[in-house]
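In what follows, a structure is listed as structure tokens, so that the remarks can point back to it.
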Amino acid sequence: MAELNETYWTNRYLNAETAWDVGSVSTPLKEYFEQLTDKNIRILIPGCGNGYEAEHLWNLGFTEIYVADLSAIPLDQLKSRNPEIDSQYFLKTDFFELQETFDLIIEQTFFCAISPNLRRAYAQKSASLLADGGKLVGVLFDREFSGGPPFGGEKEEYKSYFAEYFKEIYVESCYNSIKPRQDSELFMICKK
């Protein structure tokens, strides 16, 4: 397996090998965002890619949205589409090196992109970055893939990673996935 580092992901963008990119905010997250009422919460989107979730949140009036990615390419593309957003919200960094505190972490194709042996560390790091009562919310694949990334899995496996670090865990099948991903996604909410 290739080392999943900055060079790897930058090359994926340069070679247009971005099959995970659906070109817009995913429906499950879009509908979740539209239920949120506190526009001042601090939000992190790690492994943000082209950042459609961030754009949707900005368009809804949220102001404290931080996007992080190892590669500068998607961050630069997101910034070029949203030049009015202050550069402080664009973080070219490794998720595991972040030290901030957030109220909400959004998971969209990052968990499936990291090596499966980092999944427990991801759960622990997410919990450490969240304020008390904060939430990790997102979409996970409910299927296996050959090779990877992406790396798949299933509900009980995922719950086992988060159980040690979160007091409330909800993981259920998505009823509102986009057509190509129907019956292969889970919606997750983990509360610290």
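Here the stretch 69-192 is treated with +1 on each Lys and Arg Cβ and -1 on each Asp and Glu Cβ, and its dipole about the Cα centre works out to around 80 debye.
Classify the stretch 100-192: rounded, prolate or oblate, from the alpha-carbon gyration tensor (a ≥ b ≥ c, eigenvalue square roots; a/c under 1.5 rounded; otherwise prolate if a/b is larger than b/c)? Intermediate results must be reported in sequence, preceding the final value.
On the way: a/c = 1.89, a/b = 1.45, b/c = 1.30.
It is prolate, given that a/c is not under 1.5 and a/b is the larger ratio.
Restricting the trypsin sites (Lys or Arg not before Pro) of the stretch 32-86 to loop positions (DSSP other than H, G, I, E, B) with no more than 16 neighbouring Cβ atoms within 10 Å leaves 39.
A helix-only calculation puts the chain at -7500 deg cm²/dmol for mean residue ellipticity at 222 nm, using -39500 (n - 2.57) for each DSSP H run of at least four residues, averaged over all residues. Seen from all directions on average, the stretch 1-123 presents a Cα convex hull projection of 7.7 nm². Between residue 172 and residue 58, the modelled label-to-label distance comes to 3.3 nm, taking each label 7 Å out from Cα in the direction of the beta carbon. With a simple spin-label model that places each label point 7 Å from the Cα along the Cα-to-Cβ direction, the separation between residue 118 and residue 6 comes to 1.4 nm.
Between the beta carbons of residue 22 and residue 80, assuming R0 = 22 Å, the FRET efficiency works out to 0.65 to the nearest 0.05.
Loop-located GluC sites (Glu not before Pro) across the stretch 86-138 with a Cβ neighbour count of 11 or fewer within 10 Å are 100, with loop assigned by DSSP.
None of the figures in this text is laboratory data; all of them are computed from the coordinates on show. Not measured: the values here are computed from a predicted model. Neighbour counts are summed over all protein chains in view; Cβ atoms, including those assigned to glycine, are modelled from backbone coordinates with ideal geometry.
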